[in-house]
Structure formats: structure tokens, C-alpha cells
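Structure, as C-alpha cells:
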Amino acid sequence: MADKDLSAFEAPIDRTQRSGSIGLVFAVAAVLVGISVAITLINREHSEPYILLFLAVLAVIGIFALFAVAIGILHFGGRAVREDFARAFVAGADDGIIVTDSEGGITFANRAYLTLTGSENAADARPIERVFAGDPDVAETIYRLAQAAREGKRAQEEFRVAVGPRGGPAWYRAAVHAPEARGGKEIVWTLADVTRERDRQENIFQELQHAIGFLDHAPAGFFSAEPDGSIGYMNATLAGWLDHDLARIGSGGLSVGDILAGDGAALVTAVSATPGSVATEILDVDLKTRSGQSMPARLLHKVAIAVDGTAGASRTLVLDRSRGTGVPDPLRAAEVRFARFFNNTPIGIATVDRSGRIIRSNAAFARLFGEVMKTDEARTISQALGDRDRAALAVAIAAAAEGKGDLPPLDAQLAAPDSRSARFFVSPVEDDEGDDEAAIVYALDTTEQRVLEVQFAQSQKMQAIGQLAGGVAHDFNNVLTAIIGYSDLLLASHRPTDPSFQDIMQIKQNANRAAGLVRQLLAFSRRQTLRPQVLALNDVLAELRILLARLLGEKVSLEVVHGRDLWFVKADINQFEQVVINLAVNARDAMPDGGTLTVRTRNLSEADVATFGEAALPAANYVMIEVQDTGTGMEPEILDKIFEPFFSTKEVGKGTGLGLSTVYGIVKQTGGFVFVKSRIGEGSVFQILLPQHVPVEEAVPEKTADAPAAQADMTGHGTVLLVEDEDAVRAFGARALASRGYTVLEAASGVEALAIVEEGAEIDLMVSDVVMPEMDGPTLLRELRARKTTFPVIFVSGYAEEAFKKNLGEDETFGFLPKPFTLKQLVQAVKETMP
């Protein structure tokens with residue numbers, strides 16, 4: 001009986017055991033005996049060394065055997081016992097196991113394998129590849145597994161056969177791996193019958209399908225949503241009501257906001273309860289169909305709150321209130337209309353008790369105070385306000401609880417991190433139903449209004465400063481024109497060897513420096529002369545990169561990130577380069593210990609503008625240039641003043657305070673926008689947005705060969721009418737032109753110039769200032785053209801010509817000379833314009 005039980009754990013095929021050789025044992029014994037006999041035949045006097053040598057060899061063999069046993073090379077009976085146990089375990093396994101060599105021969109197969117493959121005895125056993133060779137589909141699966149084994153991988157697949165061991169269809173799971181063996185590579189196959197497991201899964205699936213079918217065709221709608229608002233499941237009833245495709249649901253294509261009208265989604269997500277409990281609320285809201293129509297519904301909303309207070313997935317039952325019959329129609333219609341009015345109004349409404357605890361609220365209130373609504377049962381409206389305004393709202397609620405009306409509205413800052421604000425209206429509850437409601441709180445979000453008010457005030461301030469800067473620049477230009485002009489006259493009458501020549505040059509150079517500051521003021525006031533052209537900003541920045549690297553120095557590293565397929569813009573290239581240089585220099589000064597300056601470009605489409613976060617930015621296509629540093633950053637009170645002229649945080653003598661004001665003016669005059677964001681210790685980022693320019697193909701004039709430049713002759717003849725209200729500038733201009741051979745008629749205003757023309761003076765050219773008392777330059781020109789005059793005109797101004805060109809006729813042509821100008825520039829302009 002014992003032998004029979006033991007045979008049950010023996011494999012039908014087992015060629016893995018390695019038997020010893022008895023012949024080898026007899027051979028070793030014969031050698032040892034032979035050596036012993038040979039030693040005895042040797043003379044005793046000569047045999048002693050051989051005996052010692054023989055014993056030494058045996059001792060060495062013994063020592064090596066001991067070491068081999070110690071390190072596990074040699075084993076005694078224990079390993080054989082373990083191998084027999086493992087072999088018996090595998091042989092009696094329920095799963096079929098077969099081991100084949102690299103040639104496909106079977107070296108081991110247990111009894112379960114023979115049973116699963118229909119083999120009656122060991123002689124009928126076949127490798128697994130041959131067992132299923134008759135079924136093409138299964139053969140392909142077995143081939144994939146065998147190929148994986150040859151590549152040294154483990155693999156497992158399930159397949160179905162038409163006729164199994166029990167006579168019907170059967171499912172098998174086959175697994176294979178190829179462990180390295182001492183005699184070569186062996187492939188181990190495992191075969192298991194999983195038919196019952198498959199049948200059980202199929203039954204569970206069918207039951208689940210029946211349950212889903214019952215839920216899908218229930219007379220009420222149902223949906224489940226994740227904490228982020230995405231809908232994971234919706235039954236067919238609700239999908240039919242809302243005309244949604246069930247294929248979109250569960251794949252992230254539909255959210256709660258897509259099926260709830262107005263702020264209903266905020267009301268649903270604002271459900272709260274004690275941590276570790278389940279919250280259930282009844283909500284009357286409007287659902288939204290795919291076509292945008294509203295459908296009144298009542299939601300039985302349930303959500304589990306975790307121990308840490310976070311909301312989990314929600315389950316919601318939906319009742320269609322537009323087609324029920326349980327309530328009289330007039331009453332139901334009135335209730336539906338009130339629910340729509342209550343939840344769709346843009347004003348947040350909530351009832352509170354004496355302590356300010358929120359009892360009921362509408363969807364708009366939940367959207368505005370969503371974070372407070374998600375807290376535990378002790379949620380109070382004061383938690384939504386900043387520390388400064390909490391006490392004032394508490395006083396208003398207490399007064400309303402005592403029945404007082406006509407309470408003044410309260411403007412408060414909310415405690416939310418995005419610095420929102422709201423206006424609160426508090427009124428008493430007039431009915432007495434015995435509940436805890438003490439006051440009604442109406443809340444209107446005024447964040448956007450506050451932002452626009454601040455931006456408008458800032459814009460008004462900048463405009464006023466710009467007008468002041470422009471007026472100052474105009475007066476300075478007149479003074480500098482006279483200084484530079486008389487310096488040129490003095491230089492013309494002095495030789496470079498004269499002692500006073502260098503002094504005069506110093507006067508002119510400092511006047512030119514002052515003129516540079518004036519140009520920056522004009523840039524801020526947006527009255528400078530621009531020469532816009534179509535630019536590819538990536539190319540401009542690539543050419544400017546070397547200069548920027550030199551300006552930044554060795555401590556600051558420069559990174560330029562070019563946006564792909566950047567749109568064109570139209571701007572003055574010199575002024576744009578000045579903008580980037582000014583921002584780079586400011587960033588360098590903000591990183592005294594070194595850092596990184598990053599310049600990025602990218603397109604900002606009209607759709608991106610809505611998410612850009614700037615309410616004052618009109619919807620359009622822009623090209624954005626970001627200049628970001630890793631410097632010290634700026635405080636909010638400094639950010640409000642950085643674009644003002646002469647405002648600087650640097651030490652005295654280390655800056656004019658006109659760098660950022662110049663940036664502001666150039667960007668604004670180009671039609672763009674500039675925004676800045678900064679945090680203390682994190683650095684600043686300036687964002688410049690220039691409108692996209694769509695180039696129009698224009699005919700390019702043919703270039704002609706340039707004639708060799710000859711020495712220019714600045715002398716001339718003719719009568720010039722010089723109109724200038726500044727005596728010093730007029731005197732310098734008259735003297736400069738007279739010294740070059742022209743006849744000069746002077747006028748201190750437009751009225752005097754008009755009188756000279758009416759007197760019948762023969763005039764060949766008029767040089768006139770633009771801004772003058774009584775009659776400005778453009779008005780003077782219109783009056784002259786009305787009197788049939790045809791002589792050309794040169795306007796002189798410190799402002800850009802575009803500032804007054806719009807006041808002239810479309811066909812009117814004129815020359816332009818910006819102030820301040822030198823003697824050479826004045827004479828050259830007159831020479832080129834004189835008919």
C-alpha cells in the first residue's frame with residue numbers, strides 16, 4: 001500500500017535524474033589497490049617516500065572534499081531528499097507541467113499533463129506544440145509562447161479549444177519559461193484548465209449586464225461623478241433626457257458642468273458633511289441638454305466625506321420635474337420657476353443664523369464661496385472674508401437678526417488666495433417658521449470691477465504723467481536746440497587747436513546727453529518718432545544675443561527660448577531692441593549675486609487671451625516676449641510705480657529712472673501691452689504683447705547703383721520763411737541759414753507768418769515749428785493752402801510726426817525735422833527740400 005501511494009507522486013516521464021557509474025567506482029578502487037600492492041613490492045628502504053607521497057595525495061583529496069562540502073559543491077543525502085521532495089511535488093501538481101530540451105524532446109512530464117492532453121500513458125506523451133497543432137488559432141498562440149521562451153522571456157496566454165477532456169469546449173492557460181540548465185537550455189511549460197474560472201466570470205458578467213440594464217432603463221436618471229467633476233457613469237434614461245452619447249461618458253469626455261445649467265455644478269460640489277460621514281442633499285436645479293435647453297430636475301445627491309475632510313465620488317439620483325404628475329400643475333410650475341430664479345441669478349443668496357452659519361444657499365453663492373461651502377457643518381460666512389472685514393459683517397448680521405432693515409452694503413475682501421472682493425447686502429428674515437434662519441445675505445462678486453477700477457486709475461495716472469512728460473520734453477527740446485545750434489556756430493568759428501574748442505565740444509556732448517533723456521521722456525509719453533517695419537522677433541533676438549550677453553556679464557547666464565512658427569509684428573527695430581536691452585539691464589541689476597535671465601517668445605492666440613488672466617487685454621492674436629530673471633523680486637507697492645518716469649530703487653547716481661518708463665512708452669506707442677509679475681526672492685517676469693501683423697505683398701522698387709559719394713555742398717539760395725516762437729531757436733536758425741546763402745524771413749507765430757505771406761513776399765520754402773501759441777503749424781499750413789500757396793514746408797517738432805500728421809489733409813506732403821537738431825541737419829533739410 002505504501003508503494004502504491006508513493007507511486008502517485010512519481011512522474012510518468014522523468015529523465016532528469018543523473019545515475020552514478022559502478023564501473024567508475026571499481027576502476028578507482030582497482031587503482032588504489034594497485035598502488036598499494038606496488039608499494040609493498042618495493043624494497044622497504046626505498047618504499048617509505050612513496051608511502052608518504054601516497055598518503056599525502058589522499059590527505060589533499062580529503063581536504064579538498066571537506067572544502068567542497070563546506071561551500072556546497074558536494075552534498076550528502078540531504079540534497080537527494082530535497083530533490084525527491086521537489087520532484088514529487090511537481091509530479092503531483094494539479095497543473096500540467098512538461099519540460100523539453102532544446103531539440104523538443106520530453107525530459108519531464110507529470111501525470112496532470114498527460115490527463116489534460118488526453119495521453120493514455122507515457123509512450124503517448126507529446127510536446128505541447130504537437131498537441132494543439134491541429135487547431136490553427138491555438139497553434140498560433142503556442143508558437144508565440146515558444147518564440148518568447150527561445151528569447152529567454154516568460155509568457156502566459158489563455159486560449160479556447162473546441163473539444164476538451166470532458167468532451168465540450170474548454171479554456172486553457174499556458175505559461176512558459178526557459179531556465180538555464182547544466183545540460184543545456186530547457187523549456188518548462190505549464191498547462192492549466194481554467195474552464196470553470198471562465199464560466200464563473202461569464203456568469204458574473206451576465207449578472208452585471210442585467211443589473212446595468214435594469215439601471216439604464218429605470219424611470220429615473222442616475223449618474224456618478226468623481227471629485228474633480230468628471231462623470232464616470234450615466235444611465236441611459238438620463239442620457240436620453242439630455243441627448244448625450246453614452247460612448248463619451250466614462251472616458252473623461254463629460255463633466256458635471258456639462259449637464260448642469262448656470263452655477264449648478266458649484267452647488268453640487270459644495271455639499272459638505274462631518275469628516276468620515278456621508279452627506280445627502282436634495283437640490284432643485286436645471287439640467288442642460290446637449291442643445292443647451294434647460295430641464296428642471298430634483299437631485300438626490302449623496303457624497304462620502306473622507307476622514308481628512310476631502311470629498312469622494314458622488315452618486316446622484318435625478319427626477320425629471322417637467323413631466324411628473326404628483327403635484328398640481330400650477331404649484332409645481334411656480335416651484336420650478338422659483339428654483340430657476342433662485343439658482344440662476346448672478347447674485348449669491350444664502351440664509352444664515354445669528355452666528356453666521358450658512359443654512360441654505362443658491363448656486364451663485366456656492367460658486368463664489370465654494371471653499372467655505374466644502375467645510376464641515378460649522379461652516380460660517382465669516383470664514384470667507386479677510387480678517388479686516390469679518391467683524392463688520394458679523395455686526396450687520398446681528399442687526400438683521402434683531403429685525404433692523406435698510407442696512408448699508410459692505411464691501412469686503414475675501415479670504416481666497418486670489419484676492420477677490422465682493423459687496424454684501426444683509427436683510428432680516430421677515431417670516432417666522434421657527435427655524436434657525438436669522439438673516440438673508442446677498443453677495444455680488446466685484447472682483448472684476450475692482451480690477452478695472454485699479455487699472456483705469458493707473459491708466460489715468462500714467463496718461464497724466466505722460467502729458468506732463470511730453471510738455472516738459474517739448475520745452476527742453478527748444479532749449480537744447482538752441483544750445484546745440486549755437487555750439488555748432490561756435491565750433492564753425494574755432495579751430496580744433498583753439499583752447500576753447502574742447503570746452504565747446506563738452507557743451508555740445510552734454511547737450512546731446514540731455515537730448516537722449518528727453519527722447520526717453522518722449523518715448524514714455526508716446527510722442528516720439530517711430531519707423532515701424534515688419535519684424536521676425538526670433539531673428540531680432542538672435543542678432544541681439546551677443547550684445548545682451550556682454551551687458552549681463554559673467555555672473556548672469558542668458559537663455560533664449562525661441563517660439564515655433566512665430567508670427568510677424570510691426571515695430572521700430574531700434575526701439576524694440578532698446579526695450580529688450582532696458583529690461584535686461586534692469587534684470588542684471590536685480591541679480592547682484594548672479595542668476596539666469598530667460599528670454600522667451602511664443603504666439604498668444606485669441607483663444608489664449610481668455611485664459612491669460614488680464615481683463616484689460618482685448619481679444620486678438622499677439623506675439624509675447626517674456627523676460628524673466630531669478631533676482632530679488634519686487635514688492636506690490638513698488639510694482640505700481642515702476643513705469644513712472646524718474647522712479648528708481650537704485651542708489652543716487654546709478655540710474656535715471658527712465659528705463660522702464662521708456663519700455664512702457666515704446667510698447668504702448670507700438671500698440672502693444674506690457675505686464676509684470678514679481679515675488680520677493682523669486683524674481684520677476686515682464687510680459688510684452690505685440691499685436692500680430694499679417695504682411696501684405698508689396699512691389700519692391702528696383703535698386704539702382706549708388707553713385708560715388710561726393711563732398712556735399714551745403715550752400716544755397718532762395719527765400720526761407722522761418723516760423724518759430726522760441727527766440728533763441730529762431731535766431732540760431734536764421735543765422736545758420738543766412739550763413740549758407742539763404743534769405744531768411746522771421747516770424748514769431750503763425751499769425752505773423754500769415755501776414756508776411758499776405759504782404760506779397762516771394763517765399764521759396766517755409767520752416768515752421770508745430771506747437772506755437774495762437775496758431776500752430778498744421779493750422780498755418782491749411783491757411784496758406786487756402787490762399788493758393790504752393791511752396792514746400794518743413795515742420796520742426798520734438799514730437800513724432802504722426803502726432804500732427806492726422807490734422808493735415810491726406811494729400812498734403814511735408815518735410816520733417818525732429819528737435820533737437822544740429823546746424824548741419826537744418827541746412828541739409830533745407831537744401832534737400834528747396835525747389
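Which FRET efficiency value, to the nearest 0.05, do you get for Gln509 and Gln533 by plugging their Cβ-Cβ distance into 1/(1 + (r/R0)^6) with R0 = 35 Å?
Computed FRET efficiency for Gln509 and Gln533 comes out at 0.70.
Amide H to amide H, which residues 5 or more places from Lys185 or on other chains are under 5 Å from it, using H placed in the peptide plane?
Distant-sequence amide H within range of Lys185: Ser102.
Can you give the accessible area of Tyr664 in Å² (nearest 10), computed on protein heavy atoms with a 1.4 Å probe?
30
Using a 1.4 angstrom probe and counting only protein chains, how large is the accessible area of Phe816 in Å², to 10?
Ignoring ligands and nucleic acids, Phe816 comes out at about 50 Å².
In nm, to one decimal, how far is the Arg735 label point from the Ala610 one, both placed 7 Å along Cα→Cβ?
6.7
With every protein chain present, what accessible area does Glu543 have (1.4 Å probe, heavy atoms only), rounded to the nearest 10 Å²?
140
Could you please report the charge total around Arg787, scoring K, R as +1 and D, E as -1 over all other residues with beta-carbon less than 13 angstrom from its beta-carbon?
0
Expressed in nm to one decimal, what extension gain is obtained for the pair Ala65 and Asp589 from 0.36 nm per residue of sequence separation less their Cα-Cα distance?
My answer for the length gained is 180.6 nm.
How much length, in nm to one decimal, is gained on full extension between Ala492 and Ala619, taken as 0.36 nm per residue of separation minus their Cα-Cα distance?
Gain on stretching Ala492 to Ala619: 40.1 nm.
Using a 1.4 angstrom probe on the protein heavy atoms only, could you order Phe424, Phe673 from most to least accessible area?
Phe673, Phe424
Using the charge dipole of the range 719-781 (Lys, Arg: +1 at Cβ; Asp, Glu: -1 at Cβ; taken about the Cα centre), state which of Ser768, Ser749, Ala738 has its Cα farthest towards the positive end.
Ala738
How far apart, in nanometres, would the label points at Ala27 and Leu639 be if each is projected 7 angstrom from Cα along the Cα-to-Cβ direction?
According to this spin-label approximation, the distance is 9.3 nm.
Given the range 103-237, report the % of alpha carbon pairs whose separation exceeds 28 Å.
Percentage above 28 Å: 41.
Between Arg150 and Ala399, what is the label-to-label distance in nm when each label sits 7 Å out along the Cα-to-Cβ direction?
Each label point is offset 7 Å from its Cα along the Cβ direction, giving 9.1 nm.
Taking 0.36 nm per intervening residue step and subtracting the Cα-Cα distance, what contour gain separates Phe89 from Lys824 on full extension?
Extra length available between Phe89 and Lys824 comes to 253.6 nm.
May I ask you to list the residues of the range 589-606 whose amide nitrogen lies under 20 Å from a point 7 Å from Cα along the Cα→beta-carbon direction of Ala549?
589, 594-601
By accessible area of protein heavy atoms, probe 1.4 Å, what ranking do His210, His494, His562 get, highest first?
From most exposed to least exposed: His210, His562, His494.
Heavy atoms only, probe 1.4 angstrom, no DNA, RNA or ligands counted: give me Ile440, Ile98 ranked by accessible area, highest first.
Ile440, Ile98
Within 10 Å, count the other beta carbons around each residue, average over each peptide in 818-826, 532-540, 609-617, and list them highest first.
818-826, 532-540, 609-617
Assuming R0 = 51 Å, what is the FRET efficiency of Arg160 and Glu226, from their Cβ-Cβ distance, to the nearest 0.05?
0.90
When a/c is below 1.5 the answer is rounded, else prolate if a/b is larger than b/c, else oblate, so apply that to the range 718-791 with a ≥ b ≥ c taken from the square roots of the Cα gyration tensor eigenvalues.
Cα axes put the range 718-791 in the oblate bin.
The values are calculated or read from the model by the stated rules, or taken from the named source; none is laboratory data. Quick caveat: nothing in here was measured; it's all calculated off a predicted structure. For neighbour counting, all protein chains shown are included, and Cβ atoms are generated from backbone atoms with ideal geometry for every residue, glycine included. With ligands, DNA and RNA removed, areas are computed over all heavy atoms of the protein, side chains included. Shrake-Rupley method; radii C 1.70, N 1.55, O 1.52, S 1.80 Å.
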